[in-house]
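Here's the structure, in C-alpha cells; my notes come after.
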C-alpha cells in the first residue's frame with residue numbers, strides 16, 4: 001500500500017487588508033459564487049513504477065518537449081496506451097494511478113470516479129523550475145490538479161501562503177488546489193524560486209505526468225469548500241485569487257492596496273491569467 005501523507009494547508013496567510021482568500025469562477029454556472037481554497041495537500045509515495053518504467057515514460061515525454069529558460073513549462077498530451085507501451089513491465093498502470101488518487105479521497109470513496117478522471121486526460125509536464133503562479137481560469141476553479149513526479153532531483157514543491165515546502169522524489173504523487181500560488185524551488189533557496197539555481201547542471205529540468213480532478217458542487221461541499229455567494233466572501237474580506245498577482249521569486253502578492261481599492265472581494269466578470277502548471 002502506498003504511503004499517503006496529508007498536509008494541512010489551511011492556515012493561509014492573506015496579506016492585509018484582506019483576511020482570507022476566495023476562488024472565484026469565470027464559468028457561467030458559478031458567475032456569482034466563490035469558494036475558499038481547499039485546505040489540504042496530499043502526497044502519495046507510490047511504488048508501481050520501477051526505475052526502468054520511470055525512465056521509459058520519462059524518455060518518451062522528454063523527447064516531445066523543449067525548455068530554454070527558468071520557469072519555462074511545456075505540455076504534451078499522452079494516452080494510457082502510450083504510457084503502457086513506454087512501461088511494459090507495469091501491469092494496469094491506469095488502475096495503479098487511479099488507486100493512488102483514490103487514497104486522497106478528494107472525489108469520495110467510489111473508485112469509478114478516479115478511473116474516469118485518469119481516462120479523461122493525462123499530460124506530460126516539463127519544467128525548468130517554476131516561479132510562483134496560480135491556475136484559476138476557466139474550469140480550473142472547479143478542479144484540483146495532480147502531479148506524478150517522473151524525473152526530479154533536488155527540488156521542492158512550495159506553496160508560500162500555506163508555509164508549505166515538500167521535497168519531491170520520483171514516484172511521488174501530489175494532489176493540491178492550484179488556485180493557490182505554487183512553484184518549484186531548490187531546497188537551499190529556502191522557499192524562494194531563484195532563476196540562477198536552475199541555470200545549469202544535470203538536474204535543470206523536471207518532468208511529471210499531470211491531470212485534473214473535476215469536482216461537483218457536492219464534492220466541494222464534502223471537502224469543506226462549498227460554493228457560496230460572492231457577497232459572503234466580500235463580508236469575510238477575501239482576496240480574489242483570480243485577480244491576484246504574485247512575485248515570481250517569493251510568491252508575495254503584488255499591488256495589494258490597489259486591489260483593495262478597486263475590488264476587495266470576488267466580483268463577476270473579472271478574468272485572470274495563468275497556465276496549467278505545476
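Before we move on, is residue 3 on the phi < 0 side of the Ramachandran plot, touching a strand residue (DSSP E or B) at 6+ places or on another chain (Cβ under 6 Å), surrounded by fewer than 16 Cβ atoms within 10 Å (Cβ to Cβ) and in contact (Cβ under 8 Å) with a residue 40 or more places away in the chain? Yes; evaluated as a whole, the condition is true for this residue. The single residue among 61, 131, 95, 56 that is at pLDDT 95 or above, in a helix (DSSP H, G or I), under 30 Å from residue 246 (Cβ atoms) and in contact with a helix residue (DSSP H, G or I) (Cβ under 9 Å, 6 or more places away or on another chain) turns out to be 61. Restricting region 91-126 to residues that are closer than 15 Å to residue 77 by Cα and crowded, with 19+ Cβ neighbours inside 10 Å, the residue that is nearest to the chain's Cα centre (by Cα) is 125.
Restricting the search to helices (runs of 4 or more DSSP H) fully inside region 205-278 and requiring at least 3 residues that are buried (at least 20 other Cβ atoms within 10 Å of the Cβ) and at pLDDT 95 or above gives an empty result.
Checking the structure you have, find out if any residue of region 114-123 is part of a strand (DSSP E or B) and either touching a strand residue (DSSP E or B) at 6+ places or on another chain (Cβ under 6 Å) or within 18 Å of residue 208 (Cβ to Cβ) (or both). Yes, region 114-123 has at least one match.
The values are calculated or read from the model by the stated rules, or taken from the named source; none is laboratory data. Source: prediction; values computed, not measured. Counting neighbours? That spans all protein chains shown, and the Cβs are built from the backbone with ideal geometry, glycine included.
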